[in-house]
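To start, the structure itself, in structure tokens.
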Amino acid sequence: MGKLINDGIRVDGRRVDELRPYRLEVGVLKNADGSAYIELGKNKIIVAVYGPKELHPKHLALPDRCVLRCRYHMSPFSTDVRKPPAPSRREIEISKVIREALEPAILVEEYPRTAIDIFLEVLQSDGGSRCAGITAASLALADAGISMYDLVVACAAGKVDGTMVLDLSDIEDKEGEADMPVAVMPNLNIITLLQLDGILTHEEFKQGIDLALSGCKKLYEAQRKALIERYFKSGLNQQEEAE
Amino acid sequence: MPEVKRKYVIPGELITEGNYRPLANVVKRGNKFYSARIGLAEFGQEGVRVIPLTGPYIPKVNDLVIGKIIDYSAFFWQVDINSCFTAYLLAKNVYGKNFTPGQESLVKKFDIGDLIAAVVTAFDRTRDPILSVSGPGLGKITKGEVVKIAPTKVPRLIGKKGSMIRTIEAGTGCKLTIGQNGVIVVVGRPEGIIKAVKVIKLVEEEAHLADLTQKVQAMLGVKEVGG
């Protein structure tokens, strides 16, 4: 295996602090209460939110808040070798961490005795699909009109060839030394997900957090733009004209 | 008239700082106010609120809703009111206090699939909404066209002091029953109904724009309708 970083340029031509190209869209599914779509590098993920809705069986409902259910799923055609469609150990785990990354952002007490379902379908996978999934899922929740303290945006940092880099691609994730996904509520400055696969020194860890937060900031701007595009575009034009 | 400032916001966005009262869809941290929904934030003397552009219907007491009977038992009907809670219409509220199950068959009054106009008489965090059909204009809906819109757009369809609904009724010759849950029944002549449905969909799509009533008035060829 050759070097993954040459003269500060990574295998896909990015600098160490550069995100892969991204695109976000809100309201892509008619039948869901809220939906969003994200492309981040080769990742293509579609997210649908249903709810709040009545929870069946009823004994699972909580009297004072809603239940959040999350399903992260990779479609059989999302990888280069067909992936069996049954949920794997990895998918079940990622579903759980995504749910726990989104839960602090939702005003769950506003919807007692109900459930909110989040479905993340990975159509094409690359490295960092959980982060892309979280970013899109929070948009879909906002699109569904669910009360939230803040949007959640996620981005990974990691260590490749001894250098801290932002937003690892699939090959960097597999061949690199460490991968650290971070999800954050940008306005409140609260981290809701922090995982680390590999070993980092204290210095590298701090550098990694700073890198990941800078990536999140850029993605948050994209989230904002996607929501404005969907909801206020015509209204903003009118407002500008009036001014 | 006190000055009210408006701005478009997304969840987590700072609306304003200062000594205000949080009214709706607002999160207060210290003396800063953040939006909890996508919508139009309004802040002024009265307080800070966000008028959401999307979201589910959460029942409120005294709301007029249009629901569909989905099931019944010996004591009550279950009604789908386009919300995350199933509503209940109690048989004793329909037949009177002396109602005894077994003597009356609930299905004779309202069958599964029937549409009803009803008022929410009780609802809170701990229990499902209870409906009542006693009152003028309430009860079974036997005719008309049903249109569904997003529940958050209902206030816009009604308009300030009912200006929008009066405009539509005058322009189409139809009678509109608007449920707060986003279900609307239009009764009238077929050509009027077609026109009314078109206007309702337009209002839903452009609910966040200003001067909508004037636009609808121009579309229907109606002049200002007095209250």
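Please treat every number below as a calculation from the coordinates, not as lab data. Computed from a predicted model, the values in this text were never measured in an experiment. Please note: Cβ atoms are built from the backbone with ideal geometry, for glycine as well, and neighbour counts cover all protein chains shown.
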- Item | Over the range B:145-220, equivalent-ellipsoid semi-axes from the Cα gyration tensor in Å | 16, 15, 10
- Given C-alpha coordinates of the range A:59-109, what is the ratio Rg to Rh with the Kirkwood estimate of Rh? 1.12
- Task: Could you state, as a whole-number percent, how many of the C-alpha pairs of the range B:64-141 are farther apart than 20 Å?
- Result: 24
- Item | Cross-link reach list, lysines versus B:K32, counting only Cα pairs under 30 Å and skipping chain neighbours closer than eight places | A:K206, A:K217, A:K218, A:K225, A:K233, B:K5, B:K7, B:K60, B:K153, B:K160
- Note on the structure: The answer for B:Y57, listing residues at least 5 apart or on another chain whose modeled amide H is closer than 5 Å to its amide H, is B:C84
- Query: When only C-alpha pairs under 8 Å and at least 6 residues apart count, what is the relative contact order of chain A, in percent?
  - Reply: 21
- For the protein assembly as shown, whose charge dipole is built from +1 on Lys and Arg Cβ atoms and -1 on Asp and Glu Cβ atoms, the candidate among A:S75, A:I98, B:T86 with its Cα farthest towards the positive end is B:T86
- Note on the structure: Fewest-first ordering of A:I228, B:I141, B:I38, B:I178 by Cβ atoms within 10 Å yields A:I228, B:I141, B:I178, B:I38
- Note on the structure: Pairs over 26 Å Cα to Cα, from B:K161/B:K215; A:K30/B:K109; B:K68/B:K97, come to A:K30/B:K109
- Radius of gyration and Dmax over the Cα atoms of chain A, both given in Å: 18.5, 60
- Task: Quote the Stokes-Einstein diffusion coefficient, in whole µm² s⁻¹, for the range A:121-243, based on the Kirkwood radius over alpha carbon pairs, a temperature of 4 °C and a viscosity of 1.567 mPa s.
- Result: 83
- Task: Determine the distance separating the Cα centre of the range A:31-80 from the Cα centre of the range B:1-44; give it in Å without decimals.
- Result: 29
- Message: I need the fraction of alpha carbon pairs in the protein assembly as shown separated by more than 32 Å, rounded to a whole percent.
- Response: 49
- Task: Would you mind estimating how fast the range B:87-227 diffuses translationally, via Stokes-Einstein at 10 °C and 1.306 mPa s with the Kirkwood radius over Cα pairs, in µm²/s?
- Result: 94
- Selected from B:I130, B:I200, B:G55, residue furthest toward positive end of dipole (the protein assembly as shown; charges at beta carbon): B:I130
